[in-house]
Amino acid sequence: MKIGMYGGIDNGRVRDRTIDYIAIDQGLSFLLREGIKPIVAIGDFDSLEETSLLEKVDVLRYNPVKDDTDTAIALKWAIEHGYDEIEITGVMQGRMDHFLGVLCLLEQYRDIHITIYDQKNCITLLKAGEYEIDCQHYHYFSIFAIDDTRLTLRKCVYELENYLLKRHDPLCVSNQCESMLYLHTTADIFFIQAS
């Protein structure tokens, strides 16, 4: 089951209007602006400017002094409610500490298909395996190893064959592909596409 989430950074229009959404804090105002009523609004709402918007939706309100970020709480809620494919918008740009926290969540929930979007980027965690990826919507892609991996890339500008990509190795930044990329990895990786 698929669901979307919109966080506290305005990233413009939602990508998919056919799915349900969770509003994360200030993301409530962005979803309502789009004419989308979320199935629930989650957070401490410390960044929500128009608190009267909370009257229009179901709300799970948390104390600002808590052990999780609003995004982490929203992810847990979605997973507990059976969602296994999650698109998150509105969590990149702005505060880097929050963004790095979201990357930690991608790594923590490896069995859930989570994709993070902003206006120019798409980030997902790919588990070990073989992939054909449509690159027509983005001009660049980059790969970062979560654990050391053997990586093969074909049908792109900078091809690799069984390359040992280590966690600290930035070799796979800013590659290009015009159609379908072939990718094989022996361990989990962060796959980032950018326009």
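Per-structure values
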item	result
Relative contact order of region 87-174, defined on C-alpha pairs under 8 angstrom at six or more residues apart (%)	20
Distance between modelled label sites at ILE39 and LEU100, nm, 7 Å Cα→Cβ extension	3.3
In Hz, Karplus ³J(HN,Hα) per residue of region 132-137 (6.51, -1.76, 1.60; θ = phi - 60°; x = Gly, Pro)	10, 10, 6, 9, 6, 8
Whole-Hz couplings from phi, Karplus 6.51/-1.76/1.60, listed for region 61-75; x for Gly and Pro	9, 10, 5, x, 8, 8, 8, 9, 6, 4, 5, 4, 5, 5, 4
With every protein chain in place, region 1-68: carbon and sulfur % of accessible area (1.4 Å)	44
Relative contact order (%) - criterion: Cα under 8 Å, at least six apart; region: the chain	19
Per principal axis, descending, Cα span of the chain in whole Å	56, 32, 30
Rh (Kirkwood; distinct C-alpha pairs) - region 89-130, Å	11.0
D_trans [Stokes-Einstein, Kirkwood Rh over alpha-carbon pairs] for region 19-77, 10 °C, 1.306 mPa s, µm² s⁻¹	140
Amide proton proximity set for GLN176, modelled H, under 5 Å, gap of 5+	PHE141, VAL157, TYR158
Selection of GluC sites (Glu not before Pro), region 1-97, meeting DSSP coil and at most 16 other Cβ within 10 Å	GLU34, GLU49, GLU50
Distance from region 125-193 to region 1-57 (C-alpha centre basis), Å	32
Under-5 Å amide H pairs with THR115, H placed in peptide plane, nonlocal only	ILE86, GLU87, ILE88
Antiparallel bridges, percent of DSSP beta bridges restricted to the chain (to nearest 5)	60
Of LYS56/LYS127; LYS66/LYS166; LYS37/LYS66, those spanning more than 31 Å from alpha-carbon to alpha-carbon	LYS56/LYS127; LYS66/LYS166
Karplus-derived HN-Hα couplings along region 25-40 (A = 6.51, B = -1.76, C = 1.60, θ = phi - 60°), whole Hz, x at Gly and Pro	6, 4, x, 4, 5, 5, 5, 4, 4, 7, x, 10, 8, x, 6, 7
Extended-chain gain in nm, criterion 0.36 nm per residue less alpha-carbon gap, MET180 and ARG15	57.3 nm
Accessible surface, 1.4 Å probe, highest first, among residues HIS184, HIS81	HIS81, HIS184
Mean Cα-pair separation over length for region 57-116, i.e. relative contact order, pairs under 8 Å, 6 or more apart, %	39
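The values are calculated or read from the model by the stated rules, or taken from the named source; none is laboratory data. Everything quoted here is computed from the prediction, not taken from an experiment. Using ideal geometry, Cβ is built from the backbone for each residue, glycine included, and neighbour counts are taken over all protein chains shown. Surface areas here come from the heavy atoms of the whole protein model, side chains and all, with no ligands, DNA or RNA. Shrake-Rupley method; radii C 1.70, N 1.55, O 1.52, S 1.80 Å.
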